[in-house]
Amino acid sequence: MKIIGNLILAAVVLLVISFFAAPGVAFFALRGAADSGDVAELDRLVDYGAMRKALGPQLTGRVETLTPPPSILEDPIGAVQRQFQRGPVAEGPRADAYLTPAALGAMTRGEGRSAALRSEAESAEAEPPSGGPLPRPVYWGMDRARMAVTGDSGDETVFTFARTGFFSWHLVHVSLPEERVPIVGQSGRKGG
């Protein structure tokens, strides 16, 4: 009887550990699928519609697209005007550059905004990368988890996963590091 009790306790402990470790497993599955170019596995792990919607405002710098507009009850005239305005433009090709297997793999290694420069051709010629910085959990909730990866430059790329099942998670958002703008007048030269 004691053996059965211990087995049940061990099964419950294993279930709880698996439940809490699932976002980390999803992160490493994303990295592995991106490195191997496994498009079918990436389709299972990434919500491309949500990713395009999340990357659009980050790439255009249009913060107003992040906040939801007021409802028709709060601003009826503004709601009618918004119906006739065009939607955000940057959800298309610029965001798609970050959604290739090579770019997703580069982002999991902390390359941030420069990950879009990765092309499928150069990653096919090169040896597949191994390892990379370990993610650290930034937030864990019952239906959302965030993992941060710090790149060589010290900038953080934050991945947001949403629960789709008891053990399954989808990548729904990536927070890219802020763009660094060079300061004018500091070229590193002495004199004028």
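Points worth noting:
- Any hit, region 80-98, residues being modelled with pLDDT of 75 or more and assigned to a loop (DSSP other than H, G, I, E, B): yes
- For region 62-78, the condition holds for no residue, the condition being that it is out of contact with any Phe, Trp or Tyr (no Cβ under 6 Å at 6 or more places or on another chain), open to solvent by 30 Å² or more (accessible area, probe 1.4 Å), modelled with pLDDT of 85 or more and in a loop (DSSP other than H, G, I, E, B).
- Residue match in region 177-188 (condition: of a type outside the set (Val, Ile, Thr), at pLDDT 90 or above and surrounded by 15 or more Cβ atoms within 10 Å (Cβ to Cβ)): no
- Of all the criteria given as (1) surrounded by fewer than 18 Cβ atoms within 10 Å (Cβ to Cβ); (2) at pLDDT 85 or above; (3) hydroxyl-bearing (Ser, Thr, Tyr), the one not satisfied by residue 130 is (2).
- The single condition among (1) at pLDDT below 90; (2) buried (at least 17 other Cβ atoms within 10 Å of the Cβ) that residue 31 does not meet is (1).
- Candidate set from region 135-160 (those that are in a loop (DSSP other than H, G, I, E, B) and free of Cβ contacts under 8 Å to residues at least 12 places away in the same chain); member that is surrounded by the most Cβ atoms within 10 Å (Cβ to Cβ): 141
- Condition met for residue 166 (in contact with a strand residue (DSSP E or B) (Cβ under 6 Å, 6 or more places away or on another chain), within 24 Å of residue 49 (Cα to Cα) and either surrounded by 12 or more Cβ atoms within 10 Å (Cβ to Cβ) or at pLDDT below 90 (or both)): no
The values are calculated or read from the model by the stated rules, or taken from the named source; none is laboratory data. Everything numeric in this text was worked out from a predicted model, so none of it was measured. Positions of Cβ are generated from backbone atoms using ideal geometry, with glycine treated the same way; all protein chains shown enter the neighbour counts. Keep in mind that these areas ignore ligands, DNA and RNA; they rest on the heavy atoms of the full protein, side chains included. Shrake-Rupley method; radii C 1.70, N 1.55, O 1.52, S 1.80 Å.
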